[in-house]
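What follows draws every value from the coordinates through simple rules; no lab data is involved. What you see is a predicted model, and the numbers here were worked out from it, not measured in a lab. We place every Cβ from the backbone using ideal geometry, glycine too, and count neighbours over all the protein chains shown.
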Amino acid sequence: MKTWIRKHRIEHPVRFTLKSLLLFALLYLIVGATAPFFSYPEVTESTVSDFDLSEFRQGTPGCDRAGIIETNEGAWEERMRLLSRAEERIVLATFDMRPGESTKDILAVLLNRADAGVQVKILVDGLSGLLRMEGKEMFYALSSHPNVEIRLYNKPNLLTPWKLQGRMHDKYVIVDEEAYLLGGRNTFDYFIGTYTDKNVSLDREVLVYNTQPGNLSSSLYELEAYFKGVWNQKECRPFHEDERLAETEKVREQRAMLEERFRSLLGSHPHLFDESWDYGAHTYETGAVRLLSNPTAIYSKEPVLFYQMTRLMEEARERVVIQSPYVVCNDYMYGRLRELKEKVPDTRLILNAVENGDNFVASSDYLRHKEEIWDTGITLYEYDGGISNHGKSILIDDDLSLIGSYNLDLRSSYLDTELMLVIESKELNRELEGYMKAMEADSRKVLDGKNYEIPSHLTPAKAPLWKRAAWKIFGFVIQPFRGLI
């Protein structure tokens with residue numbers, strides 16, 4: 001009996017202490033990762049006064065030409081073509097890069113170019129890099145190459161949870177001084193190529209061709225300056241750059257696989273590696289091409305990009321059409337959207353129907369706040385075309401088009417780095433309008449919080465009862481944390 005008492009006097013406090021420490025650690029992580037973001041920074045006077053609307057319409061041709069890359073197959077082809085043309089440098093920035101067939105193709109071309117002396121820089125969001133790239137020798141085959149640098153933006157550290165929300169949501173590719181791609185596509189099979197028919201999402205990006213290398217008025221140099229600013233932040237840390245990795249057996253195997261992959265691509269798709277390809281013949285003439293961006297620090301951000309976009313839209317003479325995968329707003333954003341509707345009566349918003357989308361959390365919040373979005377007065381369409389559409393674009397009148405990475409939500413407005421390219425071009429605007437009209441034709445028009453006008457050819461998708469219940473429950477649970485969506 002005495003032995004039993006002594007045992008419990010010793011072990012019970014230990015168990016209690018471990019539980020307390022685990023609970024404290026959990027609370028430390030949750031509070032640290034969320035508390036700094038419960039309030040939203042306001043737009044400053046300098047942001048308002050420094051925004052010059054005259055920069056976005058010049059009325060005369062510039063040195064950039066532009067074209068839309070609309071399909072996942074086209075996105076794969078353009079990466080093969082553009083990357084293979086590199087002679088001096090390549091920049092690839094992405095929110096999410098995962099192992100897969102299209103990723104192998106991209107890395108194969110990058111490795112080939114690095115072997116040819118091209119300087120390759122790859123920047124990936126830190127959390128995505130940690131989850132998707134760590135332990136994958138295929139990525140080490142690149143990072144250990146002397147002509148390749150890979151950095152992660154804000155790699156997570158659980159000791160500093162208040163930094164965890166800083167994410168890099170940019171997606172672009174720059175090749176030499178010739179051209180770049182910018183849009184909403186992440187770097188894996190879900191968005192690039194036709195290797196899979198499961199978990200596929202549509203997306204959109206723009207290719208910009210610089211007809212006058214060395215002319216600093218090209219937007220290519222504006223994007224390159226933005227990249228350098230992010231790349232050189234102290235939060236961007238190298239990813240396994242030790243060249244000794246290249247000598248390990250598994251990395252050598254992956255390098256050999258990528259080299260063989262490139263030879264196979266060259267044999268099966270020779271037209272994509274034809275240096276005579278004329279970008280001028282496959283792009284439209286543009287006027288002004290300007291880059292809009294959020295602040296790039298890892299903490300809570302002033303909603304600069306949201307303000308600038310709504311300010312541009314307010315100047316529309318005839319119409320505004322917005323496409324976003326989903327919508328999550330606060331009172332300030334609702335207010336700006338109401339002001340936009342008052343100034344531009346023909347303002348429309350196309351987003352995925354929740355049954356069609358791929359973001360469960362955002363769908364849960366949308367259903368809870370749907371009436372507030374509808375109350376802004378903006379004509380609301382829910383796309384029900386069968387495949388989730390991840391594109392982020394805006395049409396302003398018949399001459400301005402915005403394409404990029406920004407979702408109309410709180411995370412894109414206040415937390416993430418984001419980019420939107422503003423392009424002055426009636427031809428490109430007309431093409432983008434065609435894509436958005438096709439989406440609208442496959443959408444149900446919201447008449448109020450519950451009722452729709454449904455095209456005769458469209459059979460609305462149905463969600464199972466369990467999913468509808470889950471949306472409702474989760475929509476309630478996440479309300480204190482919706483600023484992180």
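Return the loop-located GluC sites (Glu not before Pro) in the stretch 254-311 (DSSP other than H, G, I, E, B) with at most 15 other Cβ atoms within 10 Å of their own Cβ; answer none if there are none.
GLU275
In nanometres, what is the gap between the two model label sites at GLU453 and GLU101, each 7 Å from Cα along Cα-to-Cβ?
Roughly 4.2 nm, to one decimal.
Separation between the LYS136 and TYR221 pseudo-spin-labels, each 7 Å from Cα along Cα→Cβ, expressed in nm?
My value for the distance between the label points is 3.6 nm.
Under the rule of -39500 (n - 2.57) per DSSP H run of 4 or more residues, summed and divided by the residues of the chain, what mean residue ellipticity at 222 nm is obtained, to the nearest 500 deg cm²/dmol?
-12500 deg cm²/dmol
I'd like to compare 128-140, 455-467: which one has the highest average count of other Cβ atoms within 10 Å, and what's the full order after that?
128-140, 455-467
How do ASP416, ASP50 line up, fewest other C-beta atoms within 10 Å first?
Fewest-to-most ranking of ASP416, ASP50: ASP50, ASP416.
For the chain, which DSSP H helices look membrane-span-like by this rule: Cα extent along the axis of 24 Å or more and mean Kyte-Doolittle of at least -0.5?
2-34
Which value, to two decimals, describes the C-alpha radius of gyration of the stretch 379-432 once divided by 2.2 N^0.38 Å?
For the stretch 379-432, the normalised Cα radius of gyration is 1.28.
Mean separation of Cα pairs under 8 Å and 6+ residues apart, divided by the residue count of the chain: what relative contact order is that in percent?
Values: 950 pairs, mean separation 90.8, N = 485.
Across the chain, relative contact order equals 19 percent.
When the Cα centres of the stretch 213-249 and the stretch 406-433 are compared, how far apart do they sit, in Å?
Measuring centre to centre over Cα atoms gives 23 Å.
Is the stretch 143-186 best put as rounded, prolate or oblate by its Cα gyration tensor, with a ≥ b ≥ c the root eigenvalues, rounded for a/c under 1.5, and otherwise prolate when a/b is larger than b/c, oblate when not?
Oblate.
According to a simple spin-label model (label point 7 Å from Cα along Cα-to-Cβ), what is the distance in nm between ARG317 and VAL31?
Here the answer is 5.7 nm between the modelled labels.
Using the structure shown, select from LYS341/LYS392; LYS392/LYS426; LYS343/LYS472; LYS163/LYS467; LYS136/LYS462 the pairs with a Cα to Cα distance greater than 27 angstrom.
Working: LYS341/LYS392 19 Å; LYS392/LYS426 19 Å; LYS343/LYS472 34 Å; LYS163/LYS467 32 Å; LYS136/LYS462 39 Å.
Among LYS341/LYS392; LYS392/LYS426; LYS343/LYS472; LYS163/LYS467; LYS136/LYS462, the Cα-Cα distance tops 27 Å for LYS343/LYS472; LYS163/LYS467; LYS136/LYS462.
Nearest 0.05, what FRET efficiency do LEU22 and ASN232 give at R0 = 45 Å with Cβ-Cβ as r? It would help to have the intermediate numbers written out before the result.
On the way: r = 39 Å, r/R0 = 0.86.
My answer for the efficiency is 0.70.
Just the number: Rg to Rh for the chain, Cα atoms, Kirkwood Rh, two decimals.
Ratio of gyration radius to Kirkwood radius: 1.01.
Please order CYS236, CYS329 by the number of other Cβ within 10 Å, starting at the fewest.
Numbers: CYS236 18, CYS329 22.
Ascending Cβ contact count within 10 Å gives the list CYS236, CYS329.
Three principal axis extents, largest first, for the C-alpha atoms of the stretch 64-281, in Å?
52, 37, 37
Using the Karplus curve 6.51 cos²θ - 1.76 cosθ + 1.60 with θ = phi - 60°, what ³J(HN,Hα) values do you get for each residue of the stretch 442-459, in whole Hz, with x for Gly and Pro?
Those phi angles translate into 9, 10, 9, 7, 7, 8, 6, x, 10, 10, 9, 9, 10, x, 4, 7, 9, 9 Hz.
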